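Structure first, then comments.
What follows draws every value from the coordinates through simple rules; no lab data is involved. Computed from a predicted structure; not experimentally measured. With ideal geometry, Cβ positions are generated from the backbone for all residues, glycine too; neighbour counts draw on all protein chains shown.
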Amino acid sequence: MSGAPDFRLEHSELRADDEFAEFSNTDLPYYSDWRGSFEKLPWATDDEALRAAAADVAIVGAPLDDAVSSRPGARFGPRAIRMAPTAWSSDYAWSIQLGVEPYARLKVVDAGDAPVVPARLERALRVIHEKVFRVASTGSIPMVLGGDHSITYPSAAAVARHRHPRKVGIVHFDAHADAAAEQWGSLVGHGTPMRRLIDEGWVAGSNFVQVGLRGYWPEKETFDWMREQGLRWHTMVEIEDRGSEAVVSDAIAEALDGPDCIYLSVDIDVVDPGMAPGTGTPEAGGMLSRELLRAVRQIVGQVDLVGMDVVEVSPPYDQSELTAILAHRVVMEAISALAAKKP
Ligand SMILES: [Mn+2]
């Protein structure tokens, strides 16, 4: 037919004068950067660099899964979360949810991983404690990528040690209470970190608040102990009955009943395995991913956040990187909520 345009792909590229130098490292896709930091943010891996950076937030990796009771793989979590597919460069990240450019208002660096080696669990917990303490000591808020949930014991203790022990409240999202006395004879494990934090006095039981519990573990005796310690918990059934926002609002008030700041611990298995399959101990009937992201915005927007972790992402069990992407977004929502409230 005459008059119709020819289909010719002759001018579909915007050619730069210098194609080789056209894109900076942060402009290039996330998968092309051999350095592999979170969001391609600058590294600040030693004390000197952390002090020089004077960052608001520092990402910390805790690549440990020697403490799991079931399926392993969380040692690959930090790498998978850092490498989760993200659409845009950190140079122009824009939060649609909060209407803020997080990196225009906050300085965020990647502090690298704690120097964990396999098969030395106690050493791993010590070096994670030291790494998080050093980050917190420079004034940055540590955001720790697990790793199995045992890392919350050294990490939250480091933040409490930096602030003041028992002056920090903890909000803990999880299918599981993780307050067991021991795990096959070991006091440290991914089922015991909350017991250690309370027993050692890092946080008062009454300011330890759990959200999303469900299933069949731990047993009644552990819940009896939790009740004696004054712990408060909100089950998945309560979230179904009252809605997540009302429950999270209560959790904030309970965690801040005395303390003036909060450490947030997010076990990705709080979310339904249908939305977060890549985890070691999945439990059916969990939160929606959008409920968790909203809860993170709600908490970080309202409280003085002094540290957080996202744990139990196990890439070998993941599907389509869904769980790593969700964990990445949990961190992004926290960063963006901090940015949105910055004066
Ligand atoms: Mn769990």
- Message: Being more than 30 Å from E130 (Cβ to Cβ) and either touching a residue at least 12 places away in the same chain (Cβ under 8 Å) or not acidic (D, E) (or both) narrows it down to one residue among F7, F76; which is it?
- Response: F7
- Note on the structure: Only unsatisfied item for D47, checking (1) of a type outside the set (F, W, Y); (2) touching a Lys or Arg at 6+ places or on another chain (Cβ under 7 Å); (3) within 20 Å of V331 (Cα to Cα), is (3)
- Given D6, D27, which one is out of contact with any helix residue (DSSP H, G or I) (no Cβ under 9 Å at 6 or more places or on another chain) and farther than 28 Å from R123 by Cβ? D6
- Is it fair to say G286 is of a type in the set (G, A, S) and surrounded by 22 or more Cβ atoms within 10 Å (Cβ to Cβ)? yes
- Of the conditions (1) more than 15 Å from the ligand (Cβ to nearest atom); (2) in a helix (DSSP H, G or I), T222 fails just one. Which one is it? (1)
- Expected single match for closer than 22 Å to R297 by Cβ, among the small types (G, A, S) and touching a Ser or Thr at 6+ places or on another chain (Cβ under 9 Å) among A80, A93 is A93
- Task: Only residues that are more than 16 Å from the ligand (Cβ to nearest atom), in a strand (DSSP E or B) and surrounded by fewer than 24 Cβ atoms within 10 Å (Cβ to Cβ): list them for the range 142-188, please.
- Result: S186
- From the list G201, G215, which one is within 16 Å of the ligand (Cβ to nearest atom) and on the phi > 0 side of the Ramachandran plot? G215
- Residues of the range 1-54 satisfying the condition of being more than 21 Å from P102 (Cα to Cα), among the hydroxyl-bearing types (S, T, Y) and surrounded by fewer than 12 Cβ atoms within 10 Å (Cβ to Cβ): S2, S12, Y31, S32
- Task: Looking only at the range 114-123, decide whether some residue is surrounded by 24 or more Cβ atoms within 10 Å (Cβ to Cβ) and in contact with an Asp or Glu (Cβ under 7 Å, 6 or more places away or on another chain).
- Result: no
